[in-house]
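One structure is given below, encoded as structure tokens.
The values are calculated or read from the model by the stated rules, or taken from the named source; none is laboratory data. Here the structure is a predicted model, which is why all the values come from computation and not from measurement. Methodologically, a virtual Cβ is constructed for each residue, glycine included, from the backbone with ideal geometry; neighbour enumeration extends over all protein chains shown. Just so you know, the surface numbers come from the protein's heavy atoms only, side chains and all, with ligands and any DNA or RNA stripped out. Shrake-Rupley method; radii C 1.70, N 1.55, O 1.52, S 1.80 Å.
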Amino acid sequence: MLQRPRRNRKSPAIRAMVEETSLRLNDFIFPLFLIEGSNKKISINSMPGIYRYTLDLLLIEIEECMQLGIYSFCLFPSISDHLKDKFATESTNENGLYLNAIKIIKNRFPECCLMTDVAMDPYSSDGHDGLVIDGKIDNDKTLEILGKMALSQAIAGADILGPSDMMDGRIGYIRNILEDNKFVDTLIMSYSAKYASAFYGPFRDALDSAPKFGDKKTYQMNPANAKEAITEANLDISEGADIIMVKPALAYLDIIQSLSTQTQHPVAAYNVSGEYAMLKAAESNGWIDGDRAMVEVLLSIKRAGAKIILTYFAKEYAALIK
Ligand code: PBG
């Protein structure tokens, strides 16, 4: 035998030397859940280790993460039911929970990178990402609402806007509004290939944001489709996105790989709530080694071609390697 691949696996030093993929803390964005009130940290049943925080405690959590080397965060609000309406009016209330928190976080920690969520569902009495008219999602009327929401978030100080709604044309619509208002430095990370997935379940529990009727299949993508992801990504890039995202990650590693080879923009992947929940459930049953499975999953996403990983494991991973 002239070739013996096992030689490259002979010792830890050699294995490390030939290692092709490695995780860096800079790759991670840590999603955070925000609730009203003060001094509350509420657990989420289906996501052990992840909490919903009031702003005061969230600031402490952010500081802890930064001490561990995690500097990028994606913030999601849980809005009380009485503030929800058809038009997601609360999403542009500058003294409301979300915009106020963005301002305070960026004032307190100017060095962190704060990404926001642009979609109607946290504020919508219908629980949909778009405006519901006669039982249907109206794409173009939704754009007007998303445009105002996105601008409000940019004004509040968001570094990256994350349109997670999957309406057609929203990246261009938002980019134009940002340009018109001189927010030329605000990034857009587009949820380009966001699939209609069962893996969002725990997130919807965390935010109480499940659709009140129907499902999201007229705007989120069909899990059976791959080519369509390239169309979506190319549109978002041509409309002004800076980073494109695939979501979920694990059941869509092929999509991550194809976007990373077929486009020039950085690709992000969202390792979603259900993917986190699966590992935690197996770990708590003693069925898998949680730490090793976490590292393996994160590596697989990076190896598939994601430059950036949004993951609920970010803080835990940072603590593990410390
Ligand atoms: C909705 C939104 C969802 C997630 C992020 N933004 C859920 C959905 O589309 O219903 C899911 C994230 C996760 O599951 O971790 N705008």
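Taking the criterion of being in a loop (DSSP other than H, G, I, E, B) and among the β-branched types (Val, Ile, Thr), the residues of the range 270-318 that qualify are Val272, Ile288. For the range 204-211, the condition holds for no residue, the condition being that it is buried (at least 21 other Cβ atoms within 10 Å of the Cβ), among the basic types (Lys, Arg) and assigned to a helix (DSSP H, G or I). Scanning the range 170-203 for residues that are within 14 Å of the ligand (Cβ to nearest atom), surrounded by 15 or more Cβ atoms within 10 Å (Cβ to Cβ) and either more than 18 Å from Glu239 (Cβ to Cβ) or not small (Gly, Ala, Ser) (or both) turns up Arg170, Met189, Tyr191, Lys194, Tyr195, Ala196, Ser197, Phe199, Tyr200, Gly201, Pro202, Phe203.
Once the range 204-221 is narrowed to residues that are of a type in the set (Lys, Arg) and near the ligand (Cβ under 8 Å from one of its atoms), the residue that is modelled with the lowest pLDDT is Arg204. Residue count for the range 49-92 satisfying the condition of being touching a helix residue (DSSP H, G or I) at 6+ places or on another chain (Cβ under 9 Å) and under 26 Å from Leu131 (Cβ atoms): 14. Given the structure, is Leu99 within 18 Å of the chain's Cα centre (by Cα), buried (at least 21 other Cβ atoms within 10 Å of the Cβ) and more than 22 Å from Ala268 (Cα to Cα)? So Leu99 passes the test. The lone criterion from (1) assigned to a helix (DSSP H, G or I); (2) in contact with a Gly (Cβ under 6 Å, 6 or more places away or on another chain) left unmet by Gly147 is number (2). Going by what's in this entry, would Asp138 be described as of a type in the set (Asp, Glu) and buried (at least 21 other Cβ atoms within 10 Å of the Cβ)? No. Filter the range 256-296 down to the residues that are touching a residue at least 60 places away in the same chain (Cβ under 8 Å) and more than 16 Å from the ligand (Cβ to nearest atom), then identify the one that is least open to solvent (accessible area, probe 1.4 Å). Per the criteria, the residue is Leu259.
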